[in-house]
Amino acid sequence: MLIRIPPSGTCRESEVTTETVYRSRRRFIQRAAIAGAALGLPSLAPASEQYPGVPDAPASPWFVGKLSDTRWRAVVQEDEAITPYGDATQYNNFYEFGPNKGDPARYAGELKVEPWTVLIDGAVEKPGRYSLEDLFAEGQLEERIYRLRCVEAWSMVIPWLGFPLGDLIRRVRPLSAAKFVRFETAYRPDEMRGTRSSFALIDWPYVEGLRMDEAMHPLSLLAVGMYGRVLPNQNGAPLRLVVPWKYGFKSIKSIVRISFVSEQPTTTWQSMAPEEYGFYANVNPQVSHPRWSQARERRLPGSLFRPNVRETQLFNGYADQVAGLYASMDLSKDY
Ligand SMILES: Nc1nc2c(c(=O)[nH]1)N[C@H]1C(S)=C(S)[C@@H](COP(=O)(O)O)O[C@H]1N2
Ligand SMILES: [Mo]
């Protein structure tokens, strides 16, 4: 395994993508695009060539514009196969559309993802209701190939397309009172049939949160796409969080609100079963869930006869990058 982001303890964030590298890369891409156009060549491999068989999807002009200037494969798991698109889009957790793994694929199409706005509020200099286009006006799309480890002990490897969360946070300028970031999913009973059931135990909207330093970490991503295209609705269109060193439930989908707050937010799973799901939810093979071990995981796709089981890694394999965030914490207490 190789991750091209150096350990957080030993590098400054500026080394990850310095402004000059970023600008010269953009210039290079622009020049390549112009040269390619002159020769009648495509400037960059289109998404459909990188991911053959993945269906194209209609996308807004701003997304298409960003896609043409994507930093492909910015973070890569060199020796782990990408989960087939079919598995990543048909085996989902998105309780707003129902409790079964197939429900999101079946029903998430009922969610209207355009137009979409995100409310930025709380302790921040530039609060407001932003379109995605405004939110990421200055951002360059990056492809990040990350493991996703669900607390239910299955995992996938997904090529996300998104923007570093830290860049957005810097742009809206949190005030010093901001210690945590709180995220909220859309709550639209008319479009989300899972929220209409009176049997659902969840108190909607779905809420998640990160400590400010976790949110600023270069691995934290706001995804708008995957497999070279826009996010399918079942995966959290049009905007979802991806925090690869934490259990999947932290990676909140279909975000409509991002709040800068001074207290640790009450999050959905933690409030439902605090002994089972913590606020931190860092992937940890040594801290069992009360009802099952977290030492191993089923990498999808698998089959009854070949379950494809592997050892779960501390921080989902991203310990070199993120362990420093938790140096003074007892991970068995702050699970
Ligand atoms: N709003 C919302 N976000 C959510 C969930 C959910 O039920 N509602 N499920 C979480 C869980 S438990 C997991 S494992 C991941 C699954 O993401 P995927 O379906 O894209 O693989 O989404 C997370 N984000
Ligand atoms: Mo999950």
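Before moving on, here are some points about what is shown:
- Residue under evaluation ALA223, criteria (1) crowded, with 22+ Cβ neighbours inside 10 Å; (2) over 21 Å from the mean Cα position of the chain (by Cα), criterion not met: (2)
- Tallying residues that are within 15 Å of ligand 1 (Cβ to nearest atom), of a type in the set (S, T, N, Q) and open to solvent by less than 20 Å² (accessible area, probe 1.4 Å) within the range 271-292 yields 1.
- Candidates LEU314, LEU325 - the one that is among the hydrophobic types (A, V, I, L, M, F, W, C), over 25 Å from GLU184 (Cβ atoms) and either open to solvent by 60 Å² or more (accessible area, probe 1.4 Å) or under 24 Å from the mean Cα position of the chain (by Cα) (or both): LEU314
- Matching residues in the range 293-308 - criterion: being surrounded by 12 or more Cβ atoms within 10 Å (Cβ to Cβ) and aliphatic (A, V, I, L, M): ALA295, LEU300
- Once the range 237-270 is narrowed to residues that are hydroxyl-bearing (Ser, Thr, Tyr) and more than 19 Å from CYS150 (Cβ to Cβ), the residue that is least open to solvent (accessible area, probe 1.4 Å) is SER259.
- Whichever residue in the range 177-190 is away from ligand 1 (no atom under 16 Å from the Cβ) and touching a residue at least 12 places away in the same chain (Cβ under 8 Å) and, among such residues, is least open to solvent (accessible area, probe 1.4 Å): ALA178
- Just one of the listed residues (TYR91, TYR130) is over 28 Å from SER197 (Cα atoms) and aromatic (Phe, Trp, Tyr), and it is TYR130.
- Residue satisfying condition, being in contact with a Lys or Arg (Cβ under 9 Å, 6 or more places away or on another chain), in contact (Cβ under 8 Å) with a residue 24 or more places away in the chain and more than 16 Å from ligand 1 (Cβ to nearest atom), within set GLU138, GLU110: GLU138
- Hits in the range 90-123 - residues which are part of a helix (DSSP H, G or I) and open to solvent by less than 10 Å² (accessible area, probe 1.4 Å): GLU96, PHE97, PRO104, ALA108
- Test: residue in the range 259-272 that is at pLDDT 95 or above, in contact with a Ser or Thr (Cβ under 6 Å, 6 or more places away or on another chain) and not polar (S, T, N, Q): no
- Breaking point among (1) surrounded by 22 or more Cβ atoms within 10 Å (Cβ to Cβ); (2) within 14 Å of ligand 1 (Cβ to nearest atom); (3) of a type in the set (Ser, Thr, Tyr), for SER197: (1)
- Selection count, the range 113-158, where residues are over 22 Å from LYS250 (Cα atoms) and either polar (S, T, N, Q) or within 15 Å of ligand 2 (Cβ to nearest atom) (or both): 2
- Of all residues making up the range 141-171, the number that are open to solvent by less than 10 Å² (accessible area, probe 1.4 Å) and in a helix (DSSP H, G or I): 4
The values are calculated or read from the model by the stated rules, or taken from the named source; none is laboratory data. Bear in mind that the values here come from a model prediction, so they are computed numbers and not experimental data. Because the Cβ atoms are built from the backbone with ideal geometry, glycine has one as well, and the counts that use them run over all protein chains shown. We work out accessible area using only protein heavy atoms, side chains counted, and drop any ligands, DNA or RNA first. Shrake-Rupley method; radii C 1.70, N 1.55, O 1.52, S 1.80 Å.
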